[in-house]
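Undergrad: One structure coming up, written as structure tokens, with questions to follow.
Just so it is clear, none of the values below were taken in a lab; they were calculated from the coordinates. Owing to the predicted nature of the structure, the values given are computational and were not obtained by experimental measurement. All Cβ positions, even for glycine, are placed from backbone atoms using ideal geometry, and neighbour counts span all protein chains on display.
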There are 2 protein chains.
Amino acid sequence: MRYGILGTGDVACTIADKLIELGHEVMIGSRTVDNPRAVEWARKSGEQAFHGTFADAASFGERVFNCVKGVYSIKALTSVGKDNLAGKILIDQSNPYLYENRHISLDPRWSGNTSLGEANQALLPDTKIVKTLNYLCSHLMTNPGQLSEAVTGFYCGNDKEAKAEVAKLLADFGWTDTMDLGDISMSRYTEMLGAFWPAGLNATGTIKWGFKLVR
Amino acid sequence: MRYGILGTGDVACTIADKLIELGHEVMIGSRTVDNPRAVEWARKSGEQAFHGTFADAASFGERVFNCVKGVYSIKALTSVGKDNLAGKILIDQSNPYLYENRHISLDPRWSGNTSLGEANQALLPDTKIVKTLNYLCSHLMTNPGQLSEAVTGFYCGNDKEAKAEVAKLLADFGWTDTMDLGDISMSRYTEMLGAFWPAGLNATGTIKWGFKLVR
């Protein structure tokens, strides 16, 4: 399948590498057409790897990952344009985080009685947004089995078929314990969950941890 | 030991019952001296159970639990008075939650770059506040071993000795996996973690779940 990836950071490259490994074609997109990190990633990743603008990547992908830093998400999705994403599954990993010293807080524009997942969905009503993988460190996203036991893969969104497709992809990524939280408004809680990062880091001294929902 | 408990809700009564079971003397405190639930709890709970005002309970306790509904926490602690809590450990379970339909959001007064734990500590600089047990359902607080495996008992606060004492009490409550997150500013993250409640309920259909930090 063809995947577009919005963003060129650690999360974007981690997802892109895994999709290539799984045999997919992948285009990484950034603000400019010649982003050095995107160029380098495509160069070293073989014949199925491409780079372009945000709009190029969205147009290329049958499915699209939103790996843009949260505060730029609305701007990036706006620049892509609704048509390039209409009818497609957008796997949304963005978080409304503000970083200050050792702390994370939620951007008031996308917290409280809303979330960035909901704002992205409102911007793109014809796109099937599934929020997932946003609440954990990038090293776990495509290798969740590396800890002492399975952590839980939460996802949410308004479209049931899209969620089922994303759950299959999570299984391809190695997830054995996944959980459908409900509609896109449940993004509020995974966006808050992901903010636990400074606490877990402070307590364990590492980023080698994740949450399991024990029931 | 003598414990004071601020509040008469489910959390307060759950903690109070457990402390009585462990052989402690307990006074439940509320806004008024004759709160029906406090009176009834003391009547049925034996000779070591008492009730009174917030100030009575704080004065009675060598240690004090703050089980007041979060939005009233500052008001309740102010009514107690600093002197009744000076030098004591205050085990803080309050959360800055606003409830609307099926959702929880964080009260903007005590979220973002602060938390209710930090606000309580700023109000009571001579009190050793340890925030814990605020992020899970009351049925798990004093019976954390009832799920398929141990969930994690997070706590934070500025005073190391106070945290060690609270960790011992958590062990008495049945906690086998506890974790010191750091100073009181880490309240931000357990207060956000506890907001996961609507998502977990929606996904599992029950309140019989909790988080384990897998490492």
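Undergrad: Identify the GluC sites (Glu not before Pro) of segment A:1-70 meeting these criteria: DSSP loop state and at most 14 other C-beta atoms within 10 Å of the C-beta.
TA: Details: sites: A:Glu21, A:Glu25, A:Glu40, A:Glu47, A:Glu62; in loops: A:Glu47, A:Glu62.
Passing both the DSSP loop test and the Cβ count: A:Glu47, A:Glu62.
Undergrad: Further question on the same structure: Using Cα pairs under 8 angstrom and six or more residues apart, how large is the relative contact order of segment A:95-150, in percent? The partial results should precede the final answer.
TA: Values: 28 pairs, mean separation 11.1, N = 56.
Over segment A:95-150, the number comes to 20 percent.
Undergrad: Next question. Connecting C-alpha atoms closer than 10 Å in a GNM of chain A, tell me which of A:Gly61, A:Gly23, A:Gly87 has the biggest fluctuation.
TA: A:Gly23
Undergrad: Between A:Glu165 and A:Thr78, what is 0.36 nm times their sequence separation minus the Cα-Cα distance? Round to one decimal in nm. Could you put the intermediate results ahead of the total?
TA: Working: separation 87, 0.36 × 87 = 31.32 nm, distance 2.48 nm.
Fully extending the segment from A:Glu165 to A:Thr78 adds 28.8 nm.
Undergrad: Find the Cα radius of gyration of segment A:54-178, compare it with 2.2 N^0.38 Å by division, and give the number to two decimals.
TA: Details: Rg = 14.7 Å, N = 125, 2.2 N^0.38 = 13.8 Å.
Relative to the 2.2 N^0.38 Å estimate, segment A:54-178 comes out at 1.07.
Undergrad: Mind telling me which of B:Ala119, B:Ala171, B:Ala203 comes out most flexible in a GNM of chain B, alpha-carbon contacts under 10 Å?
TA: Evaluated over chain B, the most mobile residue of the options is B:Ala203.
Undergrad: Where the centre of each part is set by its Cα atoms, how far does segment A:92-170 sit from segment B:164-210, in angstrom?
TA: Value for the Cα centre distance between the two parts: 21 Å.
Undergrad: Place a +1 charge on the Cβ of each Lys and Arg in segment B:45-131 and a -1 charge on the Cβ of each Asp and Glu, then give the dipole magnitude about the Cα centre in debye, rounded to the nearest 20. Mind dumping the intermediate values first?
TA: Working: 9 positive and 9 negative charges, 40 e Å.
Result for segment B:45-131 is approximately 200 debye, rounded to the nearest 20.
Undergrad: In addition: Could you pull out every residue, at least 5 positions away or on a different chain, whose amide H is within less than 5 Å of the one on A:Gly153? Hs are placed 1.01 Å off N in the peptide plane, and Pro or chain starts have none.
TA: So A:Gly153 has HN proximity to A:Asp177, A:Thr178, A:Met179.
Undergrad: Right, here's the next one. With N set to the number of residues, divide the alpha-carbon radius of gyration of segment A:16-111 by 2.2 N^0.38 Å and report two decimals. It would help to have the intermediate numbers written out before the result.
TA: Working: Rg = 14.5 Å, N = 96, 2.2 N^0.38 = 12.5 Å.
It is 1.16.
Undergrad: Quick query: amide H of A:Phe50 versus all other amide H atoms, modeled in the peptide plane; which residues come in under 5 Å with a sequence gap of 5 or more or a different chain?
TA: Placed amide hydrogens put A:Val26, A:Met27, A:Ile28 under 5 Å from A:Phe50.
Undergrad: Count the net charge of all other residues whose Cβ sits under 12 Å from the Cβ of A:Gly52, scoring Lys and Arg as +1 and Asp and Glu as -1. Show your work: numbers first, answer last.
TA: Numbers: positive: A:Arg31; negative: A:Asp34, A:Asp56.
Cβ neighbours under 12 Å give a net charge of -1.
Undergrad: Got a sec? Which residues in segment B:67-85 would a label at B:Tyr99 touch, if it sits 7 Å along Cα→Cβ and we count backbone N under 16 Å?
TA: What the label zone holds, given the 16 Å backbone N cut-off, is B:67-73.
Undergrad: Rounded to the nearest 500 deg cm²/dmol, what is the calculated helix-only ellipticity per residue at 222 nm for the protein assembly as shown, with -39500 (n - 2.57) per DSSP H run of length n ≥ 4? Each step should come with its number before you reach the end.
TA: Numbers: 18 runs with 156 residues, N = 430.
Calculated from helices alone, the mean residue ellipticity at 222 nm is -10000 deg cm²/dmol.
Undergrad: To continue, here is another question. Using only Cα atoms, locate the centre of segment B:1-53 and the centre of segment A:9-50, then give the distance between them in Å, rounded to an integer.
TA: Computed from Cα coordinates, the inter-centre distance equals 61 Å.
Undergrad: Average partner chain C-beta neighbours within 10 Å, per residue of B:95-102? All intermediate terms of the calculation are to be shown ahead of the outcome.
TA: Numbers: counts 0, 0, 0, 2, 0, 2, 2, 2.
Mean shielding count: 1.
Undergrad: To continue, here is another question. Which of B:Asn35, B:Asn66, B:Asn113 moves most in a GNM of chain B, Cα contacts under 10 Å?
TA: Most flexible of the set in this elastic network: B:Asn113.
Undergrad: I would also like to ask the following. For segment A:152-208, max minus min Cα coordinate along each principal axis, in Å, sorted largest first?
TA: 39, 26, 11
Undergrad: Find, among the trypsin sites (Lys or Arg not before Pro) in segment B:32-69, those assigned to loop by DSSP (not H, G, I, E, B) with at most 16 other beta-carbon atoms within 10 angstrom. Please list the in-between numbers first.
TA: On the way: sites: B:Arg37, B:Arg43, B:Lys44, B:Arg63, B:Lys69; in loops: B:Lys69.
Here the sparse-neighbourhood loop sites are B:Lys69.
Undergrad: Apply the Kirkwood formula to the protein assembly as shown: the hydrodynamic radius equals the inverse of the mean of 1/r over all pairs of different alpha-carbon atoms; give it in Å with one decimal.
TA: So the Kirkwood estimate lands at 22.8 Å.
Undergrad: Still on this structure, I have one more. So which trypsin sites (Lys or Arg not before Pro) in segment A:73-161 end up in coil per DSSP with only 15 or fewer other C-beta atoms within 10 Å?
TA: A:Arg102
Undergrad: For chain A, what percent of Cα pairs sit more than 25 Å apart? Present the calculation step by step, with values, prior to reporting the outcome.
TA: Numbers: 7821 of 23005 pairs.
Here the long-distance tail beyond 25 Å is 34 percent of all Cα pairs in chain A.
Undergrad: Now, a different point. Report relative contact order for chain A in percent, whole number only (criteria: Cα-Cα under 8 Å, sequence separation at least 6).
TA: Details: 433 pairs, mean separation 36.7, N = 215.
Relative contact order here is 17 percent.
Undergrad: If we hang a label 7 Å off Cα along the beta carbon direction at B:Ala164, how far is it from the matching labels on the other copies, in nm, shortest first?
TA: Label-point separations across copies, in nm and ascending: 5.7.
Undergrad: Next question, about the same structure. Out of the DSSP beta bridges found with both residues in segment A:1-124, what percent are antiparallel (nearest 5)? Don't jump to the answer; show the numbers that get you there.
TA: Details: 4 of 22 bridges.
Bridges in segment A:1-124 that DSSP calls antiparallel: roughly 20 percent.
Undergrad: Taking the Cβ-Cβ separation of B:Asn158 and A:Asp172 as r and a Förster radius of 56 Å, what is the calculated FRET efficiency to the nearest 0.05?
TA: Given R0 = 56 Å and the Cβ-Cβ separation, E is 0.80.
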